[in-house]
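Participant: Got a structure here, written out as structure tokens. Questions coming.
The values are calculated or read from the model by the stated rules, or taken from the named source; none is laboratory data. On a predicted model such as this, the values are computed, not experimentally measured, just so you know. Reconstructed Cβ throughout: ideal geometry from the backbone, glycine too, with neighbour counts over all protein chains shown.
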Amino acid sequence: MATRLLEKTVDRVVSAFSPRAGIRRAMERRFAELWPGEAYRAASHRDRMVRHWNPLAALNPDEELLPERLELVARCRDEYRNNPIARSAVNTPVISIVGCGLAMQCRIDRAFLGMSDEEASAWESKTERLFASWASHTDADAMRRESFFGLQQLAYRSYRLSGEVFALLPIIKRPGTICDLRVQMVEADRVSTPITMADAGVLHSGIETGNNGEPVAYHVETTPIQPFTPVPRTWARVSAFGSTGRQNVIHLYQQDRPGQRRGMPSLTPILICLKKIGQYTESELLAAVVSSLFTIFIKSDSDKLMEDLTGGIRRPIEGEANPPQEPRENMDLGPGAILRLDPDEDISAANPGRPNSQFDPFISAILRQIGMALNIPYEILVKHFSSSYSASRAAIMQAWEFYKTERAMFIDKFCQPIYEEWLWIMVLSGRIAAPGFLESIEIRRAYFEAAWHGPVPLQIDPVKEATAAAQRLDIGISTIAEETAMITGNNWEENFSQRSKENEMAKKLELSFAILPPLAPQANDEQTSNIESDSQPGGSENGH
């Protein structure tokens with residue numbers, strides 16, 4: 001009865017300040033009275049734990065993300081600049097997925113194109129050589145600052161940090177270059193709706209879409225970046241595709257929901273955790289520094305003692321006509337500091353008890369949750385392997401499942417479209433002969449086929465990895481090309497060519513190389529115990 005009376009009182013108070021909220025409370029209470037029960041507790045309005053859980057109503061992706069995107073991006077960039085965990089969360093995938101850059105290898109459909117193996121190999125070798133020559137110099141960059149491999153790092157890092165990045169593909173003629181195609185990177189912030197326009201209909205956050213939701217044009221701010229200088233802002237409308245259907249703009253981002261126009265930073269779900277961990281770490285560090293300081297506080301009525309400690313400067317006498325004007329010394333703590341207190345002053349301090357023994361276990365637990373959100377195992381995120389061989393290798397393999405997915409996305413949305421545009425220009429300029437290239441889309445796509453290779457998984461025990469590769473080749477479930485790309489990331493054809501040269505040189509110089517069986521690794525006691533525990537049935541995977 002008392003509860004019902006309290007609810008009515010609250011309803012009257014709420015209705016007095018907000019009639020709409022009062023009506024909604026009455027409707028929800030009536031609905032709860034008529035509804036027989038809830039099939040899902042997560043949707044309950046009666047359970048104490050979730051009845052006040054009122055997220056935003058179901059919104060479309062633009063309404064949900066665009067109003068808060070700029071704030072999320074700014075906060076993620078701030079954490080990246082100042083938080084080591086955030087920096088590792090962004091840079092670790094960049095190093096493992098892109099590394100020094102993904103290299104292209106042509107894989108044209110020689111059967112469909114009607115080319116012999118010799119003709120196809122010659123065409124692929126020439127194309128790879130020309131593309132590598134263009135990609136390894138700053139000719140590829142419209143700003144002439146990075147090679148194409150450096151642009152790959154910049155693009156993927158920006159994608160992880162800001163949630164998206166744009167790249168324009170202008171044709172800029174420059175003397176002494178292989179191809180006139182340039183890649184112009186555009187910061188995500190520069191794609192926005194002009195101030196003379198408004199987000200409505202097909203235009204949202206600088207992106208125009210068609211009837212099917214496809215991108216039609218992008219509004220890119222062209223105002224020069226001049227800090228602290230007021231310059232009128234200007235925009236340029238760039239069509240997403242040219243008149244021939246070729247791509248003019250690359251928008252690298254990941255869709256979490258259908259119809260999503262802009263990307264979300266990868267640090268978004270862990271942003272609050274990162275901020276609080278940073279504050280907690282700073283507090284613990286400050287407490288440890290304070291506890292390490294050794295300071296003596298002296299309180300005395302003896303002028304002689306104080307004069308000795310302060311170098312002859314005496315304390316002023318009460319009622320003295322001309323007291324000394326020497327200011328009181330700084331009261332900052334310091335190692336070995338001696339601070340004077342007046343006779344009527346005292347000091348009391350709590351023992352901080354640092355270092356905190358619970359700091360590392362607590363931070364490790366939070367970092368494991370952060371790794372789960374980022375699809376990066378804890379050991380990879382913190383760059384620390386303290387478990388057994390099997391556990392460490394499992395962490396590496398689990399991370400590489402995520403890395404392979406991200407690399408495939410990056411290749412499809414960034415590397416491959418740029419290579420296709422480059423091949424277009426090279427064929428049109430006559431530098432590369434491709435019969436039938438301009439006749440049909442099927443022939444063009446047969447020429448476009450390529451493979452991209454980059455960093456390979458970390459090998460904890462190279463002997464075991466090589467043995468496993470040899471066994472896969474023996475039973476026919478893999479190829480030399482696949483194993484070479486997985487273990488070293490090199491081109492198997494180049495390896496064979498180099499080995500042939502080495503063999504010819506060895507014969508010419510009458511050299512012989514004795515191939516000895518591999519020596520068993522000398523493991524220490526700790527490693528031996530880990531390996532034995534891995535091999536025993538039911539052995540612990542956590543090592544020591």
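Participant: For GLN105, are the conditions met, namely being among the polar types (S, T, N, Q), under 30 Å from ALA217 (Cα atoms) and in contact (Cβ under 8 Å) with a residue 40 or more places away in the chain?
Facilitator: No; evaluated as a whole, the condition is false for this residue.
Participant: Can you work out which of the residues in the stretch 379-400 that are over 21 Å from VAL98 (Cβ atoms) and touching a Gly at 6+ places or on another chain (Cβ under 6 Å) is surrounded by the most Cβ atoms within 10 Å (Cβ to Cβ)?
Facilitator: Among those residues, the one meeting the criterion is SER388.
Participant: Then there's this: Within the bounds of the stretch 237-258, is there any residue that is part of a strand (DSSP E or B), out of contact with any Cys (no Cβ under 9 Å at 6 or more places or on another chain) and of a type in the set (Phe, Trp, Tyr)?
Facilitator: yes
Participant: Take the residues of the stretch 424-435 that are assigned to a helix (DSSP H, G or I) and not small (Gly, Ala, Ser): which is surrounded by the fewest Cβ atoms within 10 Å (Cβ to Cβ)?
Facilitator: The residue in question is LEU428.
Participant: Is the stretch 63-82 home to any residue that is closer than 29 Å to PRO455 by Cβ and touching a Phe, Trp or Tyr at 6+ places or on another chain (Cβ under 7 Å)?
Facilitator: No, every residue in the stretch 63-82 fails to be closer than 29 Å to PRO455 by Cβ and touching a Phe, Trp or Tyr at 6+ places or on another chain (Cβ under 7 Å).
Participant: Need pairs with beta-carbon distance below 8 Å; first residue on the phi > 0 side of the Ramachandran plot and within the stretch 250-265, second assigned to a loop (DSSP other than H, G, I, E, B) and at pLDDT below 95; sequence gap 6+ or separate chains.
Facilitator: What qualifies is GLY259/ASN60; GLY259/GLY213.
Participant: Only one residue in ALA111, ALA122, ALA86, ALA132 is assigned to a helix (DSSP H, G or I) and under 20 Å from ILE425 (Cβ atoms). Which one?
Facilitator: Among ALA111, ALA122, ALA86, ALA132, only ALA132 is assigned to a helix (DSSP H, G or I) and under 20 Å from ILE425 (Cβ atoms).
Participant: May I ask you to verify whether ASP117 is of a type outside the set (S, T, N, Q), farther than 25 Å from GLY371 by Cα and not assigned by TED's automatic domain parsing to the domain that holds TYR253?
Facilitator: Spelling it out, ASP117 is indeed of a type outside the set (S, T, N, Q), farther than 25 Å from GLY371 by Cα and not assigned by TED's automatic domain parsing to the domain that holds TYR253.
Participant: A follow-up question, please. Within the stretch 108-122, identify whether any single residue is surrounded by 15 or more Cβ atoms within 10 Å (Cβ to Cβ), among the basic types (Lys, Arg), over 15 Å from the mean Cα position of the chain (by Cα) and within 29 Å of ILE487 (Cα to Cα), and answer yes or no.
Facilitator: yes
Participant: So, one more: Residues that are over 20 Å from ARG87 (Cα atoms), under 20 Å from the mean Cα position of the chain (by Cα) and outside the structural domain of ALA485 (by TED's automatic domain parsing), at least 3 per element: which helices (runs of 4 or more DSSP H) completely within the stretch 356-419 meet that?
Facilitator: Filter on the stretch 356-419 gives 389-410.
Participant: Further question on the same structure: Looking at ILE477 and the list (1) part of a helix (DSSP H, G or I); (2) surrounded by fewer than 16 Cβ atoms within 10 Å (Cβ to Cβ); (3) not aromatic (Phe, Trp, Tyr), which single condition is not satisfied?
Facilitator: (1)
Participant: Return only the number of the condition from (1) modelled with pLDDT of 95 or more; (2) more than 27 Å from TYR378 (Cα to Cα) that ALA470 does not satisfy.
Facilitator: Status for ALA470: all satisfied but (1).
Participant: Okay, next question. Name the one entry in LYS464, LYS501 that is basic (Lys, Arg) and under 26 Å from ARG407 (Cα atoms).
Facilitator: Residue meeting the stated conditions: LYS464.
Participant: Of all residues being over 31 Å from the mean Cα position of the chain (by Cα) and surrounded by 13 or more Cβ atoms within 10 Å (Cβ to Cβ) in the stretch 177-202, which is farthest from ALA142 (Cα to Cα)? Just the residue, please.
Facilitator: Only one residue tops the list, namely ILE178.
Participant: Quick one: count up the residues across the stretch 116-146 that are touching a helix residue (DSSP H, G or I) at 6+ places or on another chain (Cβ under 6 Å) and of a type in the set (Ser, Thr, Tyr).
Facilitator: Result for the stretch 116-146: 0.
Participant: From the set of residues in the stretch 123-141 that are among the polar types (S, T, N, Q) and under 21 Å from PRO455 (Cα atoms), which is surrounded by the fewest Cβ atoms within 10 Å (Cβ to Cβ)?
Facilitator: Filtering the stretch 123-141 for residues that are among the polar types (S, T, N, Q) and under 21 Å from PRO455 (Cα atoms), the one surrounded by the fewest Cβ atoms within 10 Å (Cβ to Cβ) comes out as SER133.
Participant: Kindly check whether there is at least one residue in the stretch 436-444 that is in contact (Cβ under 8 Å) with a residue 40 or more places away in the chain and surrounded by 14 or more Cβ atoms within 10 Å (Cβ to Cβ).
Facilitator: yes
Participant: Hey, among GLN536, GLN459, GLN527, which residue is at pLDDT below 80, of a type in the set (S, T, N, Q) and exposed (fewer than 10 other Cβ atoms within 10 Å of the Cβ)?
Facilitator: GLN536 is the lone residue from the list that is at pLDDT below 80, of a type in the set (S, T, N, Q) and exposed (fewer than 10 other Cβ atoms within 10 Å of the Cβ).
Participant: Same structure, new question: Residues of the stretch 21-49 being at pLDDT below 70, in a helix (DSSP H, G or I) and surrounded by 13 or more Cβ atoms within 10 Å (Cβ to Cβ), which ones?
Facilitator: Correct list: ALA32 only.
Participant: Tell me whether the stretch 266-280 contains one or more residues that are buried (at least 17 other Cβ atoms within 10 Å of the Cβ), in contact with a helix residue (DSSP H, G or I) (Cβ under 7 Å, 6 or more places away or on another chain) and not in a helix (DSSP H, G or I).
Facilitator: yes
Participant: Let me ask another. Return a yes/no flag: does the stretch 76-87 have any residue that is out of contact with any helix residue (DSSP H, G or I) (no Cβ under 7 Å at 6 or more places or on another chain), closer than 26 Å to PHE414 by Cβ and in contact (Cβ under 8 Å) with a residue 12 or more places away in the chain.
Facilitator: Within the stretch 76-87 (the criterion being out of contact with any helix residue (DSSP H, G or I) (no Cβ under 7 Å at 6 or more places or on another chain), closer than 26 Å to PHE414 by Cβ and in contact (Cβ under 8 Å) with a residue 12 or more places away in the chain), the answer is no, since none of the residues qualifies.
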